[in-house]
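Right, one structure below, let's go through it.
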Amino acid sequence: MAVNYGAVKKTDIANGPGVRVSLFVSGCRNHCPGCFNPETWDFSYGSQFTKETEDEIIKALRPSWIQGFSILGGEPMEPENQEALLPFLKRIRKEMPEKDIWLYTGYRFEAVSGSPLLHYVDVVVDGPFLEEEKDISLAFRGSRNQRIIRFGGVHEKAGR
């Protein structure tokens, strides 16, 4: 199945610590009111995620001053997106185990905790964006209900 993405940002400082490469996947069924990226709700939005896209991201991740990779959306935890992202996250771990990986999801962690994708992620920012909880002073999240869940540093994770 073809998966699309809305953008790749090669020097992102808003979606995790340090300078990062960020992938905004397409497709989201949550449709949070006030979403900052509603065009990515459409699974066909943007460009097709291909081997060339993967190679472009891997190349952008290589410099030592890039701290890691962030996956946002749309919704990375939609089943269609997980299927495409899983082999790519395995590739990042194999080729660049020192880079951290952050995943943003509008689902609560408890609802997606069984996903194999999470074996390759260091941090999950979970929960839907809620306009009534919006707080621009928060680091790396848009509303107070969202949580930053850390799984330990990249060197602490077993079983990679």
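Among the residues of segment 130-150, is any aromatic (Phe, Trp, Tyr), touching a helix residue (DSSP H, G or I) at 6+ places or on another chain (Cβ under 8 Å), farther than 19 Å from residue 29 by Cβ and surrounded by fewer than 20 Cβ atoms within 10 Å (Cβ to Cβ)?
Scanning segment 130-150 turns up no residue that is aromatic (Phe, Trp, Tyr), touching a helix residue (DSSP H, G or I) at 6+ places or on another chain (Cβ under 8 Å), farther than 19 Å from residue 29 by Cβ and surrounded by fewer than 20 Cβ atoms within 10 Å (Cβ to Cβ).
With 76, 97, 87 as the choices, which residue is farther than 26 Å from residue 33 by Cβ and either part of a loop (DSSP other than H, G, I, E, B) or in contact with a Gly (Cβ under 6 Å, 6 or more places away or on another chain) (or both)?
Sole residue among the options that is farther than 26 Å from residue 33 by Cβ and either part of a loop (DSSP other than H, G, I, E, B) or in contact with a Gly (Cβ under 6 Å, 6 or more places away or on another chain) (or both): 97.
Residues that are closer than 18 Å to residue 2 by Cβ, at pLDDT 95 or above and in contact with a strand residue (DSSP E or B) (Cβ under 6 Å, 6 or more places away or on another chain): does segment 92-104 have at least one?
no
Provide a single number: the residues in segment 105-129 that are surrounded by fewer than 16 Cβ atoms within 10 Å (Cβ to Cβ) and not in a helix (DSSP H, G or I).
So the answer is 3.
I'd like to verify a number: residues in segment 18-31 that are touching a residue at least 60 places away in the same chain (Cβ under 8 Å) and either farther than 19 Å from residue 82 by Cβ or touching a strand residue (DSSP E or B) at 6+ places or on another chain (Cβ under 9 Å) (or both), how many?
Number satisfying all stated conditions: 2.
Mind checking which residues of segment 16-40 are buried (at least 17 other Cβ atoms within 10 Å of the Cβ) and at pLDDT 95 or above?
The answer is 16, 20, 21, 22, 23, 24, 25, 26, 27, 28.
Limited to segment 41-52, what total is found for residues that are surrounded by fewer than 18 Cβ atoms within 10 Å (Cβ to Cβ) and touching a residue at least 12 places away in the same chain (Cβ under 8 Å)?
4
Quick one: what pairs do we get from segment 104-131, first residue among the basic types (Lys, Arg), second assigned to a loop (DSSP other than H, G, I, E, B) and surrounded by 14 or more Cβ atoms within 10 Å (Cβ to Cβ), C-beta under 9 Å, 6+ apart or different chains?
108/127; 108/128
If you scan segment 1-21, which residues turn out to be closer than 17 Å to residue 126 by Cβ and polar (S, T, N, Q)?
Listed by number, the list holds a single entry, 15.
The values are calculated or read from the model by the stated rules, or taken from the named source; none is laboratory data. The shown structure was predicted, so the numbers you read here are calculated from the model rather than taken from an experiment. Note that we place each Cβ from the backbone using ideal geometry, even for glycine, and neighbour counts take in every protein chain shown.
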